[in-house]
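S.K.: Pasting a structure below so you can have a look.
The values are calculated or read from the model by the stated rules, or taken from the named source; none is laboratory data. Fair warning: this is a prediction, and the values are worked out from it, not measured in the lab. Please note: Cβ atoms are built from the backbone with ideal geometry, for glycine as well, and neighbour counts cover all protein chains shown.
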Amino acid sequence: MIFLGRNFESEEPIYVESNRSRAILICGKRGSGKSYTMGVFLEELYSQENTLVIVIDPLRNFYTMSRSNEDQYDDLYRWNLTPRGTPVRLLIPGDPIKRYGEKVIDALRSQGVQVESFRINPGDLTPDTWLDLFNLSLTEPMGLALYRSVSQLRHSQGVHFSLEDLIEKVKKSNRSKETTTEALLARLEVALDEWDLFSSYYKEVTEIFDVRAVNVIDVGVLGSSRFGLRNLIVLILTQDLFRKRSQARLQEELGLPTAVPKVWLAIDEAQEFVPSGRSSLSKESLIQWVKEGRQPGLSLIAATQQPAAIDRELLSQCDLVLAHKVTTSDDVDALNRLSHNYMASELKQYLRQIDRRGEALLVDDEEESVKVVQVRPRRSRHGGAEIQ
Ligand SMILES: Nc1ncnc2c1ncn2[C@@H]1O[C@H](COP(=O)(O)OP(=O)(O)OP(=O)(O)O)[C@@H](O)[C@H]1O
Ligand SMILES: [Mg+2]
């Protein structure tokens, strides 16, 4: 069970069941406490047995969890809690030192943060994903050339090839015009030289995670517009974990040991990854994660300022909604569409009661209940505070 806070009226403690797989939406306007609340979930989850906890962190709000929250010592005391940091494994796409500089990395390590490089395998991307990544289609010569080269490599080497191998393959293929090959090479070389995201030898993505820590992937180092690289990370990660967990589930049912535990994936600023009204690299995979993740034990916590900007199919799959203060009418409407038959009035009506920081409306589909909850103070340090 996750200890989330107290019922605002009755003061009873509020717990969220975490044994089975869940899809949780945290929403609210800017500064209403979404990332803070997400941190409360993470604090509780990382210590649970056999659970892998991963956060997609675009705004660098979570590596601070390694420190204890001394600033709220008194608040915590009133809740019978003490400040306590959590183990954090910070995964930085590419070379951490190149991204942050040595001083920053040293400072992070001295604060107890484990810093690791995070890379993805070129061989884990399907030919179609390669095309999506470069916004190409099979009906244009460059798209066709790329598709063919990736398919041939996958055929001959499986997942074991590097970006350099792909570039060589494109150079050697003689089925395209020279201008097509040159244009494609120019793009691939940018990916090789500037992105610093692909690994040169095959490494299982899951190998990098630590089940006894909160695994924070700092996607903030990849600009939000650059080719959808943040999305690419989420796509590869969710596809891989989905596949591995489905296999593991089968083994568990047969009483065999498995290597990959159940997974809780938390995504801050989730509208970037499952946007409504347009496609994105990671959208389909995340929808599959929530729709079919129950059996393999995959959970999602998505936080967003704008529920209206999140794909409706994903919203409708959420079995728990935590709404901090929401004011924009589009967003109120998006939440209102989720109103359930057990609710006495529309969500809109309930939302009016939410006013103070840390307060949220909790709609639990499983319990068929709606409550106002005061989220408990964080034991670990929150990283999203504004400059004073
Ligand atoms: N339950 C709480 N108890 C005490 N303080 C809180 C609580 N929730 C949030 N805060 C404070 O409110 C501030 C804003 O919280 P947070 O960074 O989580 O907002 P946010 O909704 O994620 O905002 P943004 O949309 O800008 O990402 C933080 O400085 C945090 O310390
Ligand atoms: Mg936030």
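S.K.: Taking residue 17, is it more than 24 Å from residue 332 (Cα to Cα) and under 19 Å from the mean Cα position of the chain (by Cα)? Step through it out loud before you land on a result.
M.R.: Values: more than 24 Å from residue 332 (Cα to Cα): yes; under 19 Å from the mean Cα position of the chain (by Cα): no.
Answer is no for this residue.
S.K.: Kindly list the number of the only condition in (1) surrounded by fewer than 19 Cβ atoms within 10 Å (Cβ to Cβ); (2) away from ligand 2 (no atom under 16 Å from the Cβ); (3) modelled with pLDDT under 90 that fails for residue 357.
M.R.: (2)
S.K.: Name the residue, out of 124, 132, 210, 165, that is more than 30 Å from residue 97 (Cβ to Cβ), at pLDDT 90 or above and of a type outside the set (Lys, Arg).
M.R.: Numbers: 124 fails: more than 30 Å from residue 97 (Cβ to Cβ); 210 fails: more than 30 Å from residue 97 (Cβ to Cβ); 165 fails: more than 30 Å from residue 97 (Cβ to Cβ).
Sole residue among the options that is more than 30 Å from residue 97 (Cβ to Cβ), at pLDDT 90 or above and of a type outside the set (Lys, Arg): 132.
S.K.: Looking at segment 323-354, which of its residues are away from ligand 2 (no atom under 16 Å from the Cβ) and among the acidic types (Asp, Glu)?
M.R.: 330, 333, 346
S.K.: Go through (1) buried (at least 18 other Cβ atoms within 10 Å of the Cβ); (2) within 16 Å of ligand 1 (Cβ to nearest atom); (3) among the aromatic types (Phe, Trp, Tyr) for residue 100 and report which single condition fails.
M.R.: (2)
S.K.: I would also like to ask the following. Pull up segment 168-210, narrow it to residues that are of a type in the set (Ser, Thr, Tyr) and closer than 30 Å to residue 42 by Cβ, then point me to the one that is surrounded by the fewest Cβ atoms within 10 Å (Cβ to Cβ).
M.R.: Initially, segment 168-210 is screened for residues of a type in the set (Ser, Thr, Tyr), giving 173, 176, 179-181, 199-202, 206.
Within this subset, residues satisfying the condition of being closer than 30 Å to residue 42 by Cβ are 199, 202, 206.
On the way: 199: 17, 202: 15, 206: 17.
Filtering segment 168-210 for residues that are of a type in the set (Ser, Thr, Tyr) and closer than 30 Å to residue 42 by Cβ, the one surrounded by the fewest Cβ atoms within 10 Å (Cβ to Cβ) comes out as 202.
S.K.: Consider residue 204 against the criteria (1) in contact (Cβ under 8 Å) with a residue 60 or more places away in the chain; (2) closer than 13 Å to residue 237 by Cα: it satisfies all of them except one. Which criterion is unmet?
M.R.: The number of the failed condition is (1).
S.K.: Specify the residue that is surrounded by the most Cβ atoms within 10 Å (Cβ to Cβ); the eligible residues are those in segment 343-353 that are modelled with pLDDT of 80 or more and not in a helix (DSSP H, G or I).
M.R.: 353
S.K.: So how many residues does segment 74-104 have that are touching an Asp or Glu at 6+ places or on another chain (Cβ under 9 Å) and acidic (Asp, Glu)?
M.R.: Number satisfying all stated conditions: 1.
S.K.: Moving on to the next point. Among what's in segment 43-76 and is assigned to a helix (DSSP H, G or I) and more than 16 Å from ligand 1 (Cβ to nearest atom), pick the residue that is farthest from residue 260 (Cα to Cα).
M.R.: Of the residues in segment 43-76, the ones assigned to a helix (DSSP H, G or I) are 43-46, 63-66, 70-76.
Now drop any that are not more than 16 Å from ligand 1 (Cβ to nearest atom), which leaves 45-46, 66.
Working: 45: 16, 46: 15, 66: 24 Å.
Here the residue is 66.
S.K.: Same structure, new question: If you scan segment 357-380, which residues turn out to be part of a loop (DSSP other than H, G, I, E, B) and farther than 19 Å from residue 32 by Cβ?
M.R.: Here is the first cut: in segment 357-380, the residues part of a loop (DSSP other than H, G, I, E, B) are 357-358, 365-368, 376-379.
If the condition is that a residue be part of a loop (DSSP other than H, G, I, E, B) and farther than 19 Å from residue 32 by Cβ, then 365, 366, 367, 368, 379 are the ones that fit.
S.K.: Does segment 243-253 contain any residue that is surrounded by 22 or more Cβ atoms within 10 Å (Cβ to Cβ), basic (Lys, Arg), farther than 25 Å from residue 135 by Cα and away from ligand 2 (no atom under 16 Å from the Cβ)?
M.R.: First, pick out the residues of segment 243-253 that are surrounded by 22 or more Cβ atoms within 10 Å (Cβ to Cβ): 245.
Remaining after also requiring basic (Lys, Arg): 245.
Then drop every residue that is not farther than 25 Å from residue 135 by Cα, which leaves 245.
If we keep only those that are away from ligand 2 (no atom under 16 Å from the Cβ) as well, we get 245.
So far as segment 243-253 goes, yes, one or more of its residues are surrounded by 22 or more Cβ atoms within 10 Å (Cβ to Cβ), basic (Lys, Arg), farther than 25 Å from residue 135 by Cα and away from ligand 2 (no atom under 16 Å from the Cβ).
S.K.: I'd like the residue in segment 21-42 that is closer than 28 Å to residue 356 by Cβ and in a loop (DSSP other than H, G, I, E, B) and, out of all such residues, is farthest from ligand 2 (Cβ to nearest atom).
M.R.: Of all residues in segment 21-42, those closer than 28 Å to residue 356 by Cβ come to 22-42.
Going one step further and asking which of them are in a loop (DSSP other than H, G, I, E, B), we end up with 22, 28-33.
Numbers: 22: 20, 28: 9, 29: 11, 30: 8, 31: 8, 32: 9, 33: 8 Å.
Here the answer is 22.
S.K.: Next question. What pairs can you find where one residue is in segment 135-146 and over 19 Å from residue 231 (Cβ atoms), the other is of a type in the set (Val, Ile, Thr), and their Cβ atoms are less than 7 Å apart, with a gap of 6+ or different chains?
M.R.: 141/180; 142/180; 145/170; 145/180; 145/181
S.K.: One residue is enough: does segment 77-88 have a residue meeting the conditions in contact (Cβ under 8 Å) with a residue 12 or more places away in the chain and part of a strand (DSSP E or B)?
M.R.: Taking segment 77-88 first, the residues in contact (Cβ under 8 Å) with a residue 12 or more places away in the chain are 79, 81-88.
Now restrict to residues that are part of a strand (DSSP E or B): 88.
Checked against the condition, which is being in contact (Cβ under 8 Å) with a residue 12 or more places away in the chain and part of a strand (DSSP E or B), segment 77-88 yields at least one hit.
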